[in-house]
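Colleague: Once you've had a glance at the structure underneath, I'll fire off some questions.
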Amino acid sequence: MLPRSPLFNSYLPAIGFWLFVLILMCTPGQDFPKLGSWTELISLDKIIHVLLFGTMAYLFMRASYHRLEDKKQAFALFLKIALAISLWGLTTEFIQKFWVEGRSFDLFDFIADSIGAFVAYLIAKKRCNPQAENC
């Protein structure tokens with residue numbers, strides 16, 4: 001049975017989304033549908049990376065914000081989360097290169113992951129301020 005503490009519950013959406021992204025990143029390349037031209041594929045792929053990693057970062061930021069006693073610490077924590085998510089994006093690229101059939105390392109995917117994480121940082125910084133009850 002999984003623990004049901006308030007701390008666990010606040011991170012459950014972020015952990016679930018992290019697992020969803022991990023499954024997507026570890027899916028063999030031939031299992032993805034083929035799109036039209038390579039330019040459509042590249043631009044759509046990068047947009048998906050920005051959205052996935054941005055959403056994941058924001059979910060972790062939101063859960064962390066509610067756990068803070070001193071809300072002024074939030075921006076430093078948000079930046080650390082954005083960096084961690086960005087590094088996770090780099091890690092998934094190496095996982096794809098060495099362990100996932102039909103996938104490879106793509107520096108531009110890592111850049112898109114990082115952009116998503118830092119866009120989430122900017123959104124969280126704007127929405128979650130020390131006076132905000134909700135984030």
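No value in this document is a laboratory result; all are computed from the given coordinates. The model shown is predicted, which means the values in this text are computed figures rather than measured ones. Quick reminder, even Gly has a Cβ in these numbers, built from the backbone with ideal geometry, and neighbours come from all protein chains shown.
Colleague: Considering only segment 66-76, how many residues are under 22 Å from F17 (Cα atoms) and either without any contact (Cβ under 8 Å) to a residue 12 or more places away in the chain or in contact with a Phe, Trp or Tyr (Cβ under 8 Å, 6 or more places away or on another chain) (or both)?
Modeller: Total meeting the criteria: 2.
Colleague: Would you please list the contacts, defined by Cβ atoms under 6 Å and residues six or more apart or on different chains, that run from a residue in segment 95-113 that is part of a loop (DSSP other than H, G, I, E, B) to a residue that is among the basic types (K, R)?
Modeller: Filtered contacts from segment 95-113: S104/K97; F105/K97.
Colleague: Does segment 54-81 hold any residues that are within 10 Å of the chain's Cα centre (by Cα) and over 12 Å from A14 (Cβ atoms), and which are they? Break it down stepwise before answering.
Modeller: Within segment 54-81, the subset within 10 Å of the chain's Cα centre (by Cα) is 54-60, 81.
The one that is within 10 Å of the chain's Cα centre (by Cα) and over 12 Å from A14 (Cβ atoms): G54.
Colleague: Also, quick follow-up: If I filter segment 7-27 down to residues being over 16 Å from D109 (Cα atoms) and either among the small types (G, A, S) or not in a helix (DSSP H, G or I) (or both), which single residue comes out as farthest from the chain's Cα centre (by Cα)?
Modeller: For segment 7-27, the residue satisfying everything is S10.
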